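The block underneath contains the structure these notes are about, expressed in structure tokens.
Read-outs throughout are calculated quantities, based only on the coordinates presented, and are distinct from any laboratory measurement. As the structure is a prediction and not an experimental result, all values here were calculated from the model. As a convention, Cβ positions derive from the backbone with ideal geometry for all residues, glycine included, and neighbour counts pool all protein chains shown.
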Amino acid sequence: GIQVEQSPPDLILQEGANSTLRCNFSDSVNNLQWFHQNPWGQLINLFYIPSGTKQNGRLSATTVATERYSLLYISSSQTTDSGVYFCAGDTNAGKSTFGDGTTLTVKP
Amino acid sequence: DGGITQSPKYLFRKEGQNVTLSCEQNLNHDAMYWYRQDPGQGLRLIYYSQIVNDFQKGDIAEGYSVSREKKESFPLTVTSAQKNPTAFYLCASSIQGGYNEQFFGPGTRLTVL
């Protein structure tokens, strides 16, 4: 199966700072998604982004499918942005692979 | 409201017992998935189903079983053959397997005593 590498594994920011999270895939993927896992374990959908760029408020994402990576940008970070961010994709219909996540801590 | 429900939220079982986790969706999605998450790690795919009465093994299917008799339901049984079943289990669904966005339920925390 494919390998998914997320970087950095941990990130500590001061409130108001910007950040970039990266997701690299070992092979071409379909259905690339970004999630935020809240403290209760619920996975919140951030972006469904097989290619191109999308924006939603302070968050945006870019996927360069030909180079097998995706980036998640968080601007003007807030303490509520803290948590674990995951990317996931699949090469065969239905068989998704997740990265190990980036743990973001935003300090007031 | 449309969504995915999982029950129970917390589950405790004794070693050697089988236990079944429930996952129901009313989104009219064709595909459903089960994942396992261990502390500090990402999600790993256990089983997935793209259509009723059909399912495939994921990366860590040993010690688990599933059924897909109805479109809206995809129960997961953790059998006594699963060596280390204590984990957080997440169910997801998508409109059509392989080509659409996955949505997740709130999860079940299983603890083996």
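Amide H contacts of B:ILE4 (H built 1.01 Å from N, in plane; Pro and chain starts excluded): no residue 5 or more places away or on another chain comes under 5 Å.
I'd like the mean, over residues of B:38-46, of how many other protein chain beta carbons sit within 10 Å of each residue's own Cβ. The partial results should precede the final answer.
Values: counts 0, 0, 5, 4, 12, 11, 3, 8, 0.
Shielding by partners across B:38-46 averages 5.
Label positions at A:ILE2 and B:GLN96, each projected 7 Å from the Cα along the C-beta direction, are separated by 1.9 nm.
Taken along the Cα-to-beta-carbon direction at a fixed 7 Å, the label points for B:ASP38 and B:ALA61 span 2.1 nm. Within segment A:64-108, whose backbone N sits under 11 Å from a point 7 Å along Cα→Cβ of A:ILE12? From segment A:64-108, the list is A:105-107.
Computed from the C-beta positions of B:THR77 and A:ARG58 and an R0 of 45 Å, the FRET efficiency is 0.60 to the nearest 0.05.
How high is the relative contact order of chain B, given as a whole-number percent (alpha carbon pairs under 8 Å, six or more residues apart)?
Values: 296 pairs, mean separation 39.6, N = 113.
Reported as a whole number, the value is 35 percent.
I'm checking a number: the convex hull volume of the Cα atoms of the protein assembly as shown, normalised per residue, in Å³. What is it? Don't skip to the answer; put the middle values down first.
On the way: hull volume 26.2 nm³, N = 221.
Per-residue hull volume (Cα only) is 119 Å³.
What is the Cα convex hull volume of chain B when expressed per residue in Å³?
Values: hull volume 10.8 nm³, N = 113.
Cα convex hull per residue, to the nearest whole number: 95 Å³.
Looking at the P(r) of chain A, how many percent of alpha-carbon pairs lie beyond 17 Å? Let's see the in-between values first.
Numbers: 2835 of 5778 pairs.
Taking all Cα-Cα pairs of chain A, the fraction more than 17 Å apart is 49 percent.
Relative contact order for chain A: 37 percent, from Cα pairs under 8 Å spaced at least 6 residues apart, divided by residue count. Phi-derived couplings, Karplus 6.51 cos²θ - 1.76 cosθ + 1.60 at θ = phi - 60°, listed residue by residue for segment A:32-43: 5, 10, 10, 10, 10, 9, 7, x, 8, x, 5, 8 Hz, with x used for Gly and Pro. Cα centroid separation, segment A:1-64 to segment B:1-74: 24 Å.
Multiplying the residue separation of A:TYR73 and A:SER51 by 0.36 nm and removing their Cα-Cα distance gives an extension gain of 6.4 nm.
Couplings 3J(HN,Hα) for segment B:103-110, derived from phi with the Karplus relation 6.51 cos²θ - 1.76 cosθ + 1.60 (θ = phi - 60°), are 10, 10, x, x, x, 10, 9, 9 Hz, where x marks Gly and Pro. Computed packing ranks the peptides A:54-63, A:99-108 as A:99-108, A:54-63, most packed first, by mean other Cβ atoms within 10 Å.
Report the charge-dipole magnitude of the protein assembly as shown in Debye, nearest 20, computed about the Cα centre from +1 at each Lys and Arg Cβ and -1 at each Asp and Glu Cβ. Mind showing how you got there, number by number?
On the way: 17 positive and 19 negative charges, 67 e Å.
Computed charge dipole of the protein assembly as shown: roughly 320 debye.
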